[in-house]
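Working notes for the structure below.
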Amino acid sequence: MPVIAAKRSLRSHPSSPPRKSPRRCTAATANSSPNVNSFGTDENQADPAVVKPRWNPKDGEQIKAVKLALHLSTAPPSVVCREEEQNVVLEFCKGCVEQKKAGSLYICGCPGTGKSLSMEKVKEQLLNWAKEAGLPLPDVLSVNCTTLASTSDIFTKMIGLNQAQGKKVSASPLQQLHNMYSQKSSIKNMTLIVADELDYLITKDRAVLHDLFMLTTFPFSRCILIGVANAIDLADRFLPRLTSLNCKPIVVNFQAYSKDQILKILEERVKELPYSVFQQQALELCARKVAASSGDMRNALSICRSAIEMLEAEIRESACNLNNSLEEISFSKQNLPTAPDFIKKREFDIVRTDHMARALSKTYRSPVVDTIQSLPHHQQIILCSSMNHFRGAKKDAMLGELYKSYVGICKSSLIPPAGILEFSNMCRVLSDQGLIKLGQSREDKLRRVSPKVNEGDITFALQVVFLEYGFFTTVLNDSDDRPVVFIQLDVRSKILHWIKTSSSGSNRCLHYIILYEVVYSIKAWS
């Protein structure tokens, strides 16, 4: 079976004009400086992600525009990261039109890999090419097979392109097509047929699917058939007779999107907006998770819209909660210092990584992630310390070693650690829930502890709640390039020092409320 596995590429389409990098095209004039923010449509400016002002999520029109740009029904101005595949299909169609020769092509790939969208662009490019070349424009028929009342209705749609209005024929639509393509006729234009969701035509005897591809083998056929489906081996499983006739369709495989491709597509979607909506780390987190799970671009767009809804909900709820906390602080002044200015200035003007993490958690729910997120505070710290301890080649550790790591994290975060007996009991609970494996020994400190869940599940689960407790930022930041840190350690230490020096006795709980609000409201120090 001839298979064309087009390479992934981030280059522009050959037919599009070359575009200079905006980073290299910064125009310097006598009256301008690199820090001046002159937003406009001029290409000779700094990176748009830098010069764009942040949006106002309280503006209903801006919210509507952003969600529309990220909606599946909104066709992007250009289909990036699929230039190679589009070029393969376009060249095939050009050859058929020039030589007036029928042919068939099968497009396959996982859901959400840009197959249908790419075919729309190919149809548009083919018609433009034929017009410029002075060739007869091919007739185009796009059919989503899931909308057909009967699988044989596709032949009715095909014959409707060429049959004169009001002309009654007793033969079936398939027989009319056979007669039309078996002898010379007055029809000179080629017919491009794009059958999306082709696997819907699979019947028990597979007759409809077989007859459809057989139409391209008739001597006077004018049919260019492009079938689109998910299964890569559809032709092998359901069209075995085409192999013996040497007319099996050419296969073009759309591979799943990589992290870099998903990130570029998301950036292209929001690039046309006149304001900055997402924190760059948030888009990277979305691209990484979607690429690791399925590579489905539809999921990435849906998650981004869900992250915007998380921001909207935070705007509605958090402002009231923060005001109540500040009023309580000012009412009970009892030797408490004034809250820092940055507590009072709480702004919501960008979708952050914590919003994206919650949206991802909502989309990719799993029992392990739900269990970790529902754990008590100290058991989450134990999982953090164990994850930090088991990195690299080390697969297990003594319970006493793990306890030292746990105590160090608690002390650095101003949280009283549990005793060794309570720590041992919490480890037993985690073992009963299947999160760690606890060995046997006469002394608790000598018991072997080993992980039973993936480090990625722990990291992903705690990314949703790590802003609630500052110590998660330190632990989760040591592994790799995961964008999980919002607060620089020097800023965080100043906050903790302010709380430590001002807290006493009955006011301790109140200050932890302040810590929660402060950490949760800081958004862009990364």
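The values are calculated or read from the model by the stated rules, or taken from the named source; none is laboratory data. Computed from a prediction, not measured in an experiment: that's the story for all the values here. Virtual Cβ from ideal backbone geometry, glycine too; neighbours counted across all protein chains shown. Each accessible area value is taken on the protein alone, full model and side chains, heavy atoms only, with ligands, DNA and RNA left out. Shrake-Rupley method; radii C 1.70, N 1.55, O 1.52, S 1.80 Å.
Contact map, the stretch 370-394: first residue over 17 Å from G408 (Cα atoms) and of a type outside the set (D, E, K, R), second residue open to solvent by 40 Å² or more (accessible area, probe 1.4 Å) and assigned to a helix (DSSP H, G or I), Cβ cut-off under 8 Å, separation 6 or more or different chains; pairs are I372/D457.
Each row is one residue, and each column tells you yes or no for (1) over 29 Å from E443 (Cβ atoms); (2) open to solvent by 20 Å² or more (accessible area, probe 1.4 Å); (3) at pLDDT 90 or above.
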position	(1), (2), (3)
M356	yes, no, yes
S366	yes, yes, no
C384	no, no, no
F390	no, yes, no
G400	no, no, yes
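Looking at S330, S325, S318, S294 in this structure, which one is modelled with pLDDT of 85 or more, among the hydroxyl-bearing types (S, T, Y) and either under 30 Å from G114 (Cα atoms) or not assigned by the TED database to the domain that holds K115 (or both)? From the options S330, S325, S318, S294, the qualifying one is S294.
Residue-by-condition table, conditions (1) at pLDDT 75 or above; (2) of a type outside the set (D, E):
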{"site": "Q163", "(1), (2)": "no, yes"}
{"site": "G166", "(1), (2)": "no, yes"}
{"site": "A171", "(1), (2)": "yes, yes"}
{"site": "N179", "(1), (2)": "yes, yes"}
{"site": "S185", "(1), (2)": "yes, yes"}
{"site": "D199", "(1), (2)": "yes, no"}
{"site": "T203", "(1), (2)": "yes, yes"}
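Give the residue that is least open to solvent (accessible area, probe 1.4 Å), with candidates limited to residues of the stretch 439-461 that are of a type in the set (D, E) and farther than 30 Å from A287 by Cβ. Step by step, filter the stretch 439-461, then rank; the result is D444.
Here R269, R237, R241 are screened, and the one residue that is open to solvent by less than 60 Å² (accessible area, probe 1.4 Å) and of a type in the set (K, R) is R269. Candidates G408, G434: the one that is assigned to a loop (DSSP other than H, G, I, E, B), under 21 Å from I458 (Cα atoms) and open to solvent by 20 Å² or more (accessible area, probe 1.4 Å) is G434. Residues of the stretch 168-201 that are among the β-branched types (V, I, T), open to solvent by less than 30 Å² (accessible area, probe 1.4 Å) and farther than 16 Å from T151 by Cα: T191 alone. Among residues of the stretch 220-236 that are of a type in the set (D, E, K, R), those with a Cβ under 8 angstrom from a residue that is crowded, with 23+ Cβ neighbours inside 10 Å and in a loop (DSSP other than H, G, I, E, B), sequence gap 6+ or separate chain, pair up as R222/M190.
Just so you know, in the stretch 202-218 the residues that are more than 19 Å from K101 (Cα to Cα) and aliphatic (A, V, I, L, M) include one that is surrounded by the fewest Cβ atoms within 10 Å (Cβ to Cβ), and it is A207. Looking at the structure I just gave you, is K248 closer than 30 Å to N179 by Cα, buried (at least 18 other Cβ atoms within 10 Å of the Cβ) and touching a residue at least 24 places away in the same chain (Cβ under 8 Å)? Spelling it out, K248 is indeed closer than 30 Å to N179 by Cα, buried (at least 18 other Cβ atoms within 10 Å of the Cβ) and touching a residue at least 24 places away in the same chain (Cβ under 8 Å).
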